[in-house]
Amino acid sequence: MLYYTRLLYRKYSIINVITFFEVSVVNDFLRVMNSDRYQYTESNVFIEEKMEDRIATFDMFFRKAEGDGFAVVAGISDVLELIDIINNTDEKTKREYLSRVIHEEDLVEYLSTMKFTGSVSGLRDGEIAYPNEPVLTVTAPLIQAKILETPILNILNHQMAVATKTSRVTRAAKDVPVSAFGSRRAHGFDSAVRGSKASYIAGCDSHSNLVTEYLYGIKSIGTMAHSYVQSFGVGEKAEYIAFDKFIKHNKEERHTLILLIDTYNTLEMGLKNAIKAFKANGIDDTYEGSYGIRLDSGDLAYLSKKCRIALDEAGLTKAKIALTNSLDEYLIRSLLDQGVKADLFGVGDSIAVSKDRPCFGGVYKIVEIDGERLIKLSNDIVKISNPGKKEIYRLFENEKAIADLVVLKEKDSDTDKILMKKELVIVDENNRFNSYKFKENAYDFEKITKDFIIDGKRTDEYDELTDIKKSKAHYENRLTQLLKGHKRLDNPHTYMVDLSMDLYHLKSSLIKKIKSQMQNLDE
């Protein structure tokens, strides 16, 4: 937030267009207006054609997740914050910004006085989601829903990419904690701050970002840099002094005392200096804080085992060994297979930029207007949209998630069956011979679609999202509900996500309608 304020201050203070105080007010509204031009060009057409009050429904969803598995939802709370900004920013402030980039007076007038009066539903932060499920649904007057497209996708595509990669990394790490150390590799201020939050929700035990701690109350941690060691000079004596001073100035506050030992030579110099410095300062297994070493290069499996033996022989059995150096889920899995001795994995760019799949690929599509269900067709089957307002029911057998069923929100026969726990058969949309039967009273269900805003008013589900630790706990609980095959990193067993019979028939009828019209054109 301060980042944007400074940028605007530099730009406008020279020509006295705006004061610093006014910039800081406009600052948050810029998040709302972080949009592609065409959404406002189209909105002007809606104004001219008097379409602005038509009620539209848009779905945000994705078509594929990394590794063909599931994704982790993150960023919903930030989307809802945008709507608060729309409603709480005064008309004068909106008008001052809008008039600089939009030249149609009627559109500026509409947007300056606009409050969000619609409804928002979807999956909560920390939820596990699958392709083609509506992650977020906005139902609102057309322009209100339209101008949110890019801001929503900007937020959710970034945070869900980070959260999904974090889930893969932390699942590979098994019982070894993972810390997100990637702020310096993140793509800018928001990427670092919100990405650290998303990584925490999706399984990281900790992170290193100060602003994330400031905004969300999630404590940040850190170790030390090679430059810190080098600041005291070159060689064995300088390294020892660096370690000694670090311990002396931090131990009284019970800070984490993790010494980086590979600046010169890991086993012959760094490890020996670390043990010597710990003992000279009375740091041993009675220390109330956390202490240990970090390895950032070399054969981590081999070096960690050697370090563990030396630390134990020195009586420092509770000393932690933290490992860093371009770690990802594959390298972590390999290290564990080699019997690595690790108490913490620090992961940087792999998580911070979702290195293997940086573009999450979420889309925002209109599915209904004024009660008329809409569909988008394509030669690519996966790009054919699902019409109408929808919600998702997760179906369980023996406390394990078996399938998700996407149903029509208003009057769906399969919903009635679920609520009464009647026998239910779900059928693969693309292979009608592939079906699964849930026997009567032999399954449980949960509607995982939540209502966050109804007719412009917050719900209790909205307030629940403000607690990041609850979102993290929700994710961790969801993991326990998945079958082992669905959690595999490589070639996971396909999780069933199907359409209700009513939704399937609606979709089919719309496709047939369009094809019929095409045939008539050819005649």
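Tabulated data
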item: Thr117 versus Asp337: modelled label distance in nm, points set 7 Å from Cα along the beta carbon direction; result: 6.0 nm
item: Span from the the range 126-197 Cα centroid across to the the range 331-408 one, whole angstrom; result: 11 Å
item: For the range 115-120, 3J(HN,Hα) per residue [Karplus equation, 6.51 cos²θ - 1.76 cosθ + 1.60, θ = phi - 60°, Hz, x = Gly/Pro]; result: 10, 6, 10, x, 10, 10
item: Estimated distance in nm for a label pair at Lys515 and Lys376, the labels positioned 7 Å out from Cα along Cα-to-Cβ; result: 2.1 nm
item: Separation of the His187 and Val234 label points, Cα + 7 Å toward Cβ, nm; result: 4.0 nm
item: Out-of-range pairs (alpha-carbon distance over 22 Å; input Lys447/Lys470; Lys400/Lys422; Lys197/Lys447); result: Lys197/Lys447
item: Long pairs among Lys64/Lys376; Lys248/Lys469; Lys383/Lys512; Lys457/Lys484; Lys389/Lys515; Lys376/Lys484, criterion Cα-Cα beyond 28 Å; result: Lys248/Lys469; Lys457/Lys484; Lys376/Lys484
item: Cα gyration tensor shape for the chain, rounded if a/c is under 1.5, else prolate or oblate; result: oblate
item: Burial order of peptide ranges 384-391, 229-236 (average beta-carbon count within 10 Å, highest first); result: 384-391, 229-236
item: Against the rule of thumb 2.2 N^0.38 Å, how large the Cα Rg of the range 85-207 comes out; result: 1.35
item: Alpha-carbon centroid distance for the pair the range 48-122 / the range 479-523, whole angstrom; result: 28 Å
item: Extension gain, Ala280 back to Lys422 (0.36 nm per residue minus Cα-Cα distance, nm); result: 44.1 nm
item: In degrees, nearest ten, helix 236-250 long axis to first principal axis of the chain (Cα); result: 60 degrees
item: Tensor-based shape of the range 213-321 (alpha-carbon gyration tensor, a/c under 1.5 rounded, otherwise prolate or oblate); result: rounded
item: Among 187-199, 443-455, the order from most to least packed when residues are scored by Cβ within 10 Å on average; result: 187-199, 443-455
item: The chain - mean residue ellipticity at 222 nm from DSSP helices (-39,500 (n - 2.57) per run, n ≥ 4, rounded to 500); result: -13000 deg cm²/dmol
item: Vicinal HN-Hα couplings computed from phi for the range 40-55 (Karplus, 6.51 cos²θ - 1.76 cosθ + 1.60; Hz; Gly/Pro x); result: 8, 4, 5, 4, 5, 4, 4, 5, 4, 8, 6, 9, 5, 9, 5, 8
item: DSSP-defined antiparallel bridges as percent of all bridges, the chain, nearest 5; result: 70 percent
item: Per residue, in Å², the accessible surface of the chain once ligands and nucleic acids are set aside, probe 1.4 Å; result: 47 Å²
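The values are calculated or read from the model by the stated rules, or taken from the named source; none is laboratory data. These numbers were taken from a predicted model, which means no experiment stands behind them. A quick note on method: Cβ atoms are made from the backbone with ideal geometry, for glycine too, and the neighbour counts reach across all protein chains shown. Accessible surface is based on the protein model in full, side chains and every heavy atom, while ligands, DNA and RNA are left aside. Shrake-Rupley method; radii C 1.70, N 1.55, O 1.52, S 1.80 Å.
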